[in-house]
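Below: the structure, in structure tokens.
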Amino acid sequence: MKKTCYIWVFAACLFFLLAPKSLASENTEGRDRYKKAIRFIKEKQYDFALLEFRAIIRDFPESRYTESSLFATGEYFYTRRAYYEASRNFTAYIERYPGSDGAIFARSYLLKIMQGIERPREEEVEALENMEMAFFSQPLVLLFSEYKEVSYKSAFQNNFTIRYYMDTIEVYRNDTLFLKLAQ
């Protein structure tokens, strides 16, 4: 009996010594860097926050913080009017996390960027129309309400709300109308 107990203790110690370090480090380091980025945002040091978000994306691609970091990177470039970089990050976000809560808001950013093009080429106009139609592609069921509402809070501390009406979609960013689409 005592011998069996020693074997189990030895096996447990061996497991913890040889266990993949990535499991423990991914959760702590990814979390620590994410918290550091959020702290930079609260201190309005957005450039340092960007560096932390990019480090999370690069060093911990499978972390649960990567999704928020990728969205935040797109937001950073959007606020800096670096629309090409913003669209690259939002497109990557949508490709990697198509069913996530933030995907519809990433599409909203992309649509807003596309609408800002002064003299769009023919393929850009077509892409814009397709993107607008994608917002109305899902069936809407309204029971006892005039609209359906979905919310999302980004790492950059922006509160997003999208309201689906029967023939209109309104996207709010920090309670201010950000995008309005009519069918």
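The values are calculated or read from the model by the stated rules, or taken from the named source; none is laboratory data. Because the structure is predicted, anything quoted here is derived from the model rather than measured. Glycine also receives a Cβ, built like all others from the backbone with ideal geometry; neighbour counts cover every protein chain displayed.
Name the residues in the stretch 150-181 that are under 20 Å from Thr79 (Cα atoms) and part of a loop (DSSP other than H, G, I, E, B), would you? Across the stretch 150-181, the qualifying residues are Ser154, Ala155, Phe156, Gln157, Asn158, Asn174, Asp175.
Output the number of residues of the stretch 77-111 satisfying the condition of being within 17 Å of Asn159 (Cα to Cα) and either charged (D, E, K, R) or touching a His at 6+ places or on another chain (Cβ under 9 Å) (or both). Of the residues in the stretch 77-111, 2 are within 17 Å of Asn159 (Cα to Cα) and either charged (D, E, K, R) or touching a His at 6+ places or on another chain (Cβ under 9 Å) (or both). If you go through the stretch 51-84 and keep only what is surrounded by 15 or more Cβ atoms within 10 Å (Cβ to Cβ), under 29 Å from Ala127 (Cα atoms) and not aromatic (Phe, Trp, Tyr), you end up with Arg54, Ile57, Thr66, Glu67, Ser68, Ser69, Leu70, Ala72, Thr73, Gly74, Glu75.
Output the number of residues of the stretch 163-177 satisfying the condition of being surrounded by 14 or more Cβ atoms within 10 Å (Cβ to Cβ) and either under 15 Å from the mean Cα position of the chain (by Cα) or free of Cβ contacts under 8 Å to residues at least 24 places away in the same chain (or both).
Within the stretch 163-177, residues that are surrounded by 14 or more Cβ atoms within 10 Å (Cβ to Cβ) and either under 15 Å from the mean Cα position of the chain (by Cα) or free of Cβ contacts under 8 Å to residues at least 24 places away in the same chain (or both) number 5.
Total residues in the stretch 85-129 satisfying the condition of being surrounded by 21 or more Cβ atoms within 10 Å (Cβ to Cβ) and polar (S, T, N, Q): the figure is 2. When the stretch 139-149 is limited to residues that are surrounded by 12 or more Cβ atoms within 10 Å (Cβ to Cβ) and part of a loop (DSSP other than H, G, I, E, B), the one that is modelled with the lowest pLDDT turns out to be Leu140.
Are any residues in the stretch 28-50 hydrophobic (A, V, I, L, M, F, W, C) and free of Cβ contacts under 8 Å to residues at least 12 places away in the same chain, and if so, which ones? Answer for the stretch 28-50, where residues must be hydrophobic (A, V, I, L, M, F, W, C) and free of Cβ contacts under 8 Å to residues at least 12 places away in the same chain: just Phe48. Working only within the stretch 58-78, note down all residues that are of a type outside the set (A, V, I, L, M) and touching a residue at least 60 places away in the same chain (Cβ under 8 Å). Listed by number, the residues that qualify are Ser68, Ser69, Phe71, Glu75, Tyr76.
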